[in-house]
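Enquirer: The following block contains the structure, expressed as structure tokens.
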Amino acid sequence: MRELSLHVMDIVQNSLSAGASLTEISVTEQGKQMAIAIIDNGRGMSQEQVKSVIDPFFTTRTTRKVGLGVPLFKMAAEQTGGSFSISSELGAGTRLTAVFQTTSVDMIPLGDINSTISLLIRCNPDRDFLFRRAKDGKEFTLDTRELRRVLGEGVALDAPEVMEWIDAYLAEQTETIFGGTI
């Protein structure tokens, strides 16, 4: 994949397939590092599965025999001189963190993370997402649980007006806090 945001999409799809009702996504840039963490409350994995998940020839899917998402994300981080970790507990969910050295020649761009978050919400209006974006001490958060509280029960997250607001909010926060798209 040519953008980290596409890796995020793939990993979050794994979370949703594992039954996660809440997926937290954070992108934190500090100095010459970028950390991407994805935490879910899905069904989790056994320790044996955690060890196997970085193997491209392991997948829990029955529709294909390989799973490249996690191994490719791990490789992308490690190629920059960064690191990768994954931990999980059956019945409690999974936490995945990739740290990238942003000055590396092998660093691929983050891509359009705002559109990735928007698409995840639009396509999964029955699930909740907590998105945090931080850079050098500045940050913003989008929490669909809070949106649900404000909107009330009669308004779906994927309603056109709501999605328009979400897109505008993400763009505005990125511009205000980070000085443009990053």
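Enquirer: For segment 124-174, enumerate the residues that are in a loop (DSSP other than H, G, I, E, B) and either out of contact with any helix residue (DSSP H, G or I) (no Cβ under 8 Å at 6 or more places or on another chain) or hydroxyl-bearing (Ser, Thr, Tyr) (or both). Give the steps one after another, and end with the answer.
Expert: Going through segment 124-174, the residues in a loop (DSSP other than H, G, I, E, B) turn out to be 124-127, 136-137, 152-159.
Result: Pro125, Asp126, Asp136, Gly137, Gly152, Glu153, Gly154, Ala159.
Enquirer: On to the next question. Search segment 95-130 for residues being over 12 Å from the mean Cα position of the chain (by Cα) and among the β-branched types (Val, Ile, Thr), and hand back the single one that is surrounded by the fewest Cβ atoms within 10 Å (Cβ to Cβ).
Expert: So, considering only residues that are over 12 Å from the mean Cα position of the chain (by Cα) and among the β-branched types (Val, Ile, Thr), the one surrounded by the fewest Cβ atoms within 10 Å (Cβ to Cβ) is Val105.
Enquirer: Also, I was wondering about something else. Name the single residue, out of those in segment 38-78 being small (Gly, Ala, Ser), modelled with pLDDT of 85 or more and buried (at least 17 other Cβ atoms within 10 Å of the Cβ), that is nearest to Leu120 (Cα to Cα). Step through it out loud before you land on a result.
Expert: Taking segment 38-78 as the starting set, the residues that turn out to be small (Gly, Ala, Ser) are 42, 44, 46, 52, 67, 69, 76-77.
Narrowing the set further to residues that are modelled with pLDDT of 85 or more leaves 42, 44, 46, 76-77.
Among the residues that remain, those that are also buried (at least 17 other Cβ atoms within 10 Å of the Cβ) are: 42, 44, 76-77.
Details: Gly42: 16, Gly44: 20, Ala76: 22, Ala77: 23 Å.
So the residue we want is Gly42.
Enquirer: Hey, any hits in segment 110-127 for a residue that's within 14 Å of Gln33 (Cβ to Cβ), of a type in the set (A, V, I, L, M, F, W, C) and either touching a residue at least 40 places away in the same chain (Cβ under 8 Å) or out of contact with any strand residue (DSSP E or B) (no Cβ under 8 Å at 6 or more places or on another chain) (or both)?
Expert: Keep residues of segment 110-127 that are within 14 Å of Gln33 (Cβ to Cβ), which gives 110.
Then keep just the ones that are of a type in the set (A, V, I, L, M, F, W, C); that gives 110.
Retained after the next criterion (residues that are either touching a residue at least 40 places away in the same chain (Cβ under 8 Å) or out of contact with any strand residue (DSSP E or B) (no Cβ under 8 Å at 6 or more places or on another chain) (or both)): 110.
Yes: segment 110-127 contains one or more residues that are within 14 Å of Gln33 (Cβ to Cβ), of a type in the set (A, V, I, L, M, F, W, C) and either touching a residue at least 40 places away in the same chain (Cβ under 8 Å) or out of contact with any strand residue (DSSP E or B) (no Cβ under 8 Å at 6 or more places or on another chain) (or both).
Enquirer: Test Arg145 against the criterion of being touching an Asp or Glu at 6+ places or on another chain (Cβ under 6 Å) and closer than 26 Å to Gly44 by Cβ, and give yes or no.
Expert: Values: touching an Asp or Glu at 6+ places or on another chain (Cβ under 6 Å): yes; closer than 26 Å to Gly44 by Cβ: yes.
For Arg145, the condition - touching an Asp or Glu at 6+ places or on another chain (Cβ under 6 Å) and closer than 26 Å to Gly44 by Cβ - is met.
The values are calculated or read from the model by the stated rules, or taken from the named source; none is laboratory data. Computed from a predicted structure; not experimentally measured. As a convention, Cβ positions derive from the backbone with ideal geometry for all residues, glycine included, and neighbour counts pool all protein chains shown.
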